[in-house]
Amino acid sequence: MKRFKSILFVCLMLFFVYALTRNFVEYKKNVLFYENYKKEYEKEKKNNTVLKTQLLKNSDPHEVEKTIRNKLNLLKSGEVSVIIPLPSPTPIITTPTPAPVYEQWWDSFFKN
């Protein structure tokens with residue numbers, strides 16, 4: 001009878017350890033899912049704010065007029081356009097890299 005009780009106790013303890021481990025793994029998985037979902041939510045919330053700002057900016061009549069005038073290069077009466085040319089890139093003269101020292105010695109002793 002005592003042997004049966006000890007076997008039953010060990011089986012019961014194994015079951016509890018298994019259940020605890022399984023619940024802990026499931027909890028970690030759920031926490032990870034929650035954190036990822038929260039990050040995605042914050043990203044989409046920020047994106048939504050940016051899109052709403054752009055919508056308000058694009059629906060403003062002054063911004064629409066400014067955009068059209070800039071894209072079509074139009075001027076109001078009395079305005080003067082100043083066109084600044086893009087700077088031309090200056091050529092960069094590359095200097096050749098010197099040969100390694102051992103090649104310079106080799107050339108000085110054996111090629112001359």
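General remarks:
- Globularity index of the range 1-78 is 2.78 (Cα radius of gyration / 2.2 N^0.38 Å, N = number of residues).
- Per residue, the accessible area of the chain comes to 107 Å², computed with a 1.4 Å probe over protein heavy atoms only.
- Taking 14 Å as the straight-line reach from the Cα of residue 57, the aspartates and glutamates in range (excluding those fewer than 8 positions away in the same chain) are 65.
- Estimated at 0.36 nm per residue, the fully extended path between residue 41 and residue 82 surpasses their Cα-Cα distance by 10.2 nm.
- Accessible surface of the chain, 1.4 Å probe, proportion on carbon and sulfur as whole %: 66 percent
- Per-residue 3J(HN,Hα) values for the range 95-105, derived from phi via the Karplus relation 6.51 cos²θ - 1.76 cosθ + 1.60 with θ = phi - 60°, read 8, x, 6, x, 5, x, 4, 5, 5, 4, 5 Hz in sequence order (x marks Gly and Pro).
- For the range 58-81 versus the range 1-39, the inter-centroid distance based on Cα atoms is 68 Å.
- Couplings 3J(HN,Hα) of the range 46-61, computed from phi: 5, 4, 5, 5, 5, 5, 5, 5, 5, 4, 5, 5, 6, 8, 6, x Hz, in residue order, whole Hz [Karplus 6.51 cos²θ - 1.76 cosθ + 1.60, θ = phi - 60°; x for Gly and Pro].
The values are calculated or read from the model by the stated rules, or taken from the named source; none is laboratory data. This structure is a prediction, so every number in the text was calculated from the model and none was measured. Heavy atoms of the whole protein, side chains included, go into the accessibility calculation; ligands, DNA and RNA do not. Shrake-Rupley method; radii C 1.70, N 1.55, O 1.52, S 1.80 Å.
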